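The values are calculated or read from the model by the stated rules, or taken from the named source; none is laboratory data. This is a predicted model, so every value here is computed, not measured. Here the Cβ is made from the backbone with ideal geometry for all residues, glycine too, and neighbour counts use every protein chain on show.
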Amino acid sequence: MSVEAREARQPWVLLSPALTAVTLLLFVPLAFIVIYSFWLRTASGADQVGFFLDNWQEALSDAFYRDILLNTLKIAAVTTIVCALMGYPAAYFIARSRANKAILLLLLMLPFWISYIIRTMSWINILGVSGAVNSILMALGIISEPIQMLYNETTVILGLVHFLLPFMVLNVFVSLEGIDVSLEDAACSLGATRWSAFREVTLPLSLPGLAAGGLLCFVLGAGTYITPLVLGGPTDAMFANLVFEAIITQLNWPLGSALSLMLLAVLGALVLVYNHYLGMSQLAKGLG
């Protein structure tokens, strides 16, 4: 084999373990889900093998699924906006800190050391009828009986913000770290105020990081089912809860597969739009 051929094969040899893992753990299961979505669950509970469009017709035509999908996208959008408003100042503070930056980043990463389910369920001890907030308000005499603060859309958004905020901060921080601080100083030396320098220089340059954080928050928020399951009420189910209900509770794998692919298509379209306009490099920096 020639030297040129060996050099051409070397990248593929190095990539082969990762490509094998991605193929076996992502593409093969996804292919099974696509196949399952065209099967049909019979009245006896058995799955009828074949090529049927019943599941897709139900998923695409039933207003029940459409309304929950739209509500899921709305909750994910509100969560993303809240994360952006809260995360940008925190990321700016960390990026511009001259000392203790490593400690601040460590504190930001601490929530990842705790299980997501435990973090979500902790809100029950905070906002529950016998939780910390109600106990303090009753002890101070502000209220005479506990207030019901759980199991609504607001607490679902609160739980999602708690879960997703570090992703937003990390992406914005990486973007701000790559901006030369002297650019703001140069703008101020030319007569701009600190606010004008931030608005005209720093904010536009950091928008790719903000967009990457927004994409992560939106996709992860729209695809979660633990938070609405724990903190939401009967009317606050998100689309992933429908997939969970169809597959785990009803054992209807064909319908659950169609629903999961429907959500995947919507979120995948969003990722493609992001990649077309901004590219995935900034997102990779934030995840790294």
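Within the range 21-34, is there a residue that is more than 24 Å from residue 265 (Cα to Cα) and of a type in the set (Ser, Thr, Tyr)? For the range 21-34, residues more than 24 Å from residue 265 (Cα to Cα) and of a type in the set (Ser, Thr, Tyr): absent. Selection within the range 83-109: residues that are touching a helix residue (DSSP H, G or I) at 6+ places or on another chain (Cβ under 7 Å) and farther than 21 Å from residue 215 by Cβ. The member of this set that is surrounded by the most Cβ atoms within 10 Å (Cβ to Cβ) is 104. A single member of 145, 153, 177 is among the charged types (D, E, K, R) and closer than 30 Å to residue 200 by Cβ, and it is 177. Looking across the range 177-200 at every residue that is exposed (fewer than 13 other Cβ atoms within 10 Å of the Cβ) and polar (S, T, N, Q), the one that is farthest from residue 88 (Cα to Cα) is identified as 189.
Contact map, the range 15-40: residues that are part of a helix (DSSP H, G or I) paired with residues that are of a type outside the set (Phe, Trp, Tyr), Cβ distance under 7 Å, separation 6+ or inter-chain. Pairs shown: 33/257; 33/260; 33/261; 34/261; 36/254; 36/257.
Residue under question is residue 233, and the condition is that it be within 27 Å of residue 40 (Cβ to Cβ), of a type in the set (Gly, Ala, Ser) and surrounded by fewer than 17 Cβ atoms within 10 Å (Cβ to Cβ); does it hold? Before you say what the answer is, go through the steps one by one.
Numbers: within 27 Å of residue 40 (Cβ to Cβ): no; of a type in the set (Gly, Ala, Ser): yes; surrounded by fewer than 17 Cβ atoms within 10 Å (Cβ to Cβ): yes.
Here the answer is no, as residue 233 does not meet what is asked.
Looking at (1) outside any helix (DSSP H, G or I); (2) among the hydroxyl-bearing types (Ser, Thr, Tyr); (3) assigned by TED's automatic domain parsing to the domain that holds residue 172, which is the only condition residue 44 fails? With (1) outside any helix (DSSP H, G or I); (2) among the hydroxyl-bearing types (Ser, Thr, Tyr); (3) assigned by TED's automatic domain parsing to the domain that holds residue 172 applied to residue 44, the lone miss is (3).
Take the residues of the range 82-102 that are more than 17 Å from the chain's Cα centre (by Cα) and hydroxyl-bearing (Ser, Thr, Tyr): which is nearest to residue 176 (Cα to Cα)?
92
Pick from the range 250-284 the residues that are in contact with a Gly (Cβ under 8 Å, 6 or more places away or on another chain) and closer than 16 Å to residue 214 by Cβ: which of them is modelled with the lowest pLDDT? Result: 282.
The residues in the range 1-14 that are of a type in the set (S, T, N, Q) and assigned to a helix (DSSP H, G or I) can be counted, and the count is 1. Only one of these is without any contact (Cβ under 8 Å) to a residue 24 or more places away in the chain, surrounded by fewer than 21 Cβ atoms within 10 Å (Cβ to Cβ) and within 18 Å of the chain's Cα centre (by Cα): 114, 136, 142. Name it. When all the criteria are applied, what remains is 114.
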